[in-house]
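Data first, discussion second: the structure below is written as structure tokens.
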Amino acid sequence: MTDLHPLVVAQRRSLSDILDTLTDAQWDTASLCDGWTTRDVVAHLTYPATASKLKVLIAFAQSGFNLEKMTMAMVRADTQTGPELAAKLRATAEHRWTPPTFGFEAPLTDAVAHGSDICRPLGLRNTVDPAAARAVLDFLVSKKATNGFIAKGRVDGIRWEADDLNWGFGEGPLVAGPAEAIIMAILGRSVTYDDLSGEGVATLRAR
């Protein structure tokens, strides 16, 4: 099995390079994550590398065991500046944390997807290593991804093709385009649909 950890590290460092160039206004720009700014997304990305298991468990209990509520509270409680968070992301790039039951496919998907959540509203390009993109795509079309990453049935009934990777999955009307756009579309970021082609795009918009 391919060790995905080096890809996680590289993706975090690539995003750190982008974050180092941002202005205060860009740090306050709304990301593709509903209700989150660029700063909020990076606070979310750095949290697992700095919070103890006990702290996470306490926060989870305080949220009523609601993961979304816990995550939002954690982000809101983080008062670090954008540049401070960028430095933390770079400093913790090699951290080996993974969520329960998942391997490095989970933090890799987070790094890739949240990179685009940040970059797309800013008009910037999120550079994704082809090997990382392929690993994320393979994960997102697996049943395992329905445990917290995508809704059940999200990828069903569509033929997905990343035309820059020679990667494909599924049967049905075609949705084709760059791997990064396919990843974001599977994750439900509808702003990426305009980057895709094929009869399946209409199917996707109707879901």
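Can you list the helices (runs of 4 or more DSSP H) found entirely within region 5-120 that contain at least 2 residues being closer than 22 Å to Ala135 by Cα, among the basic types (Lys, Arg) and not assigned by TED's automatic domain parsing to the domain that holds Asn147?
Numbers: elements: 5-19, 24-27, 38-50, 53-62, 67-77, 82-91.
Here the list reads 5-19.
Might you check whether a residue that is in contact with a Phe, Trp or Tyr (Cβ under 8 Å, 6 or more places away or on another chain) and surrounded by 14 or more Cβ atoms within 10 Å (Cβ to Cβ) occurs anywhere in region 8-21?
So in region 8-21, the residues in contact with a Phe, Trp or Tyr (Cβ under 8 Å, 6 or more places away or on another chain) come out as 8.
So of that shortlist, the ones also surrounded by 14 or more Cβ atoms within 10 Å (Cβ to Cβ) come out as 8.
Yes, region 8-21 has at least one match.
Just one of (1) exposed (fewer than 15 other Cβ atoms within 10 Å of the Cβ); (2) in a loop (DSSP other than H, G, I, E, B) trips up Asp138, so point out which.
Single failed check for Asp138: (2).
Kindly provide the set of residues from region 151-207 that are touching a residue at least 40 places away in the same chain (Cβ under 8 Å), within 22 Å of Ser31 (Cα to Cα) and hydroxyl-bearing (Ser, Thr, Tyr), ordered by number.
Thr192
For region 165-207, how many residues meet the condition of being closer than 23 Å to Gln11 by Cα, aromatic (Phe, Trp, Tyr) and touching a strand residue (DSSP E or B) at 6+ places or on another chain (Cβ under 6 Å)?
0
Pull up region 155-201, narrow it to residues that are surrounded by fewer than 16 Cβ atoms within 10 Å (Cβ to Cβ) and polar (S, T, N, Q), then point me to the one that is farthest from Cys119 (Cα to Cα).
Only one residue fits best here, namely Asn166.
How about region 158-205: which of its residues are among the hydroxyl-bearing types (Ser, Thr, Tyr) and part of a helix (DSSP H, G or I)? Steps first, please.
Taking region 158-205 first, the residues among the hydroxyl-bearing types (Ser, Thr, Tyr) are 190, 192-193, 197, 203.
The answer is Ser190, Thr192, Tyr193, Thr203.
Looking at Gly123, Gly115, Gly82, Gly103, which is the one that is small (Gly, Ala, Ser) and at positive phi?
Values: Gly115 fails: at positive phi; Gly82 fails: at positive phi; Gly103 fails: at positive phi.
Gly123 is the lone residue from the list that is small (Gly, Ala, Ser) and at positive phi.
Pairs under 8 Å by beta carbon, first residue farther than 25 Å from Phe139 by Cβ in region 78-103, partner part of a loop (DSSP other than H, G, I, E, B), six or more apart or different chains?
Gly82/Leu22; Pro83/Asp20; Leu85/Asp78; Ala86/Asp20; Ala86/Leu22; Lys88/Gln80
The values are calculated or read from the model by the stated rules, or taken from the named source; none is laboratory data. Predicted, not measured: the structure shown is a model, and the values here were computed from it. Here Cβ is always computed from backbone atoms with ideal geometry, including for glycine, and neighbour counts include all displayed protein chains.
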